[in-house]
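S.K.: Before I ask anything, here is the structure I am working with.
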Amino acid sequence: MNRETVLITGGNKGIGLEISKKFQRAGYQVKVLARDFSNFALHDCDNVQAITYDLQNVEGIPQLIADIGDVDILINNAGIMHALPFDNYPWQKMDEIIRINIQSPVALIRETSKAMIAKGCGRIVNNASIAGEIGHPDVWYGITKAGVINMTKSFAKILGPKGIVINAVAAGPVETDMLAVIPEQRKKDIKNAVYTGRFAFPTEVADAMYWLATDCPEYINGTCIDINNGAFPR
């Protein structure tokens, strides 16, 4: 059994679940953070702990990490998208997306990196999006994902000299529940723009994130890997 601990936000479904499965199979101590664990596929695994938490509660993250204990690998996977027009975007929705997509990952990096710094090593992987590179109809989603990319590069400058490797991935649309909020015409346009005429599979993004969190050379630090099958920069 691997003694290293990995904390995965949004690890209950979609890409996050595939990442959780990979770490579980590899024998890591897996801490999965999510709001809802209904029908969670890894409930019966001895090395998986389900932690119910709403990442809108940014202020509670220091106590959350204090309760969890030292983390060797942080996977900032959780994120939301509202798909609302920029001129009819309720303040509460703006606040929610900024808290979950930006403020909580920053707080989690801040808190988990303390133990990583003390040990002189650690890995952090952030889930960004192609939306952060080319824009998005949900402007606040695009803004926050651009922030995730910048967050990755900024923290690499701060934490890289202390032995911590931090990278991100920027995928195009993936076959997850989030596709439900994308209009059908936009889905067709995206499929027409990529080489293989399909969306990414969750396992493809999970494989890249797992590699960044485990086996990638430490000289790959502060990067964002595009997973878009040729859609960028169209």
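S.K.: Quick one: Karplus J couplings for the stretch 97-112, per residue in order, coefficients 6.51, -1.76, 1.60, θ = phi - 60°, nearest Hz, x for Gly and Pro?
M.R.: Per-residue couplings from phi come out as 5, 5, 5, 6, 8, 10, 5, 5, x, 4, 5, 5, 5, 4, 6, 6 Hz.
S.K.: Sort 59-67, 152-160 for me by packing, meaning the mean count of neighbouring Cβ atoms within 10 Å per residue, highest on top.
M.R.: 152-160, 59-67
S.K.: For the stretch 1-85, which trypsin sites (Lys or Arg not before Pro) pass both filters: DSSP loop (anything but H, G, I, E, B) and at most 10 other C-beta atoms within 10 Å?
M.R.: 3
S.K.: Relative to the longest principal axis of the C-alpha atoms of the chain, give the angle of the C-alpha long axis of helix 14-25, reported between 0 and 90° and rounded to the nearest 10°.
M.R.: It works out to around 30 degrees.
S.K.: Among the GluC sites (Glu not before Pro) within the stretch 129-234, which fall in a DSSP loop and have no more than 11 other Cβ atoms within 10 Å of their own Cβ?
M.R.: 218
S.K.: At 0.36 nm per residue, and after removing the present C-alpha to C-alpha distance, how many nm does the segment from residue 218 to residue 154 gain when stretched out fully?
M.R.: 21.4 nm
Read the figures in this text as sums done on the coordinates, not as results from a lab. Keep in mind that this is a model prediction, so the values were computed, not measured. Positions of Cβ are backbone-derived with ideal geometry, glycine not excepted, and every protein chain shown enters the neighbour counts.
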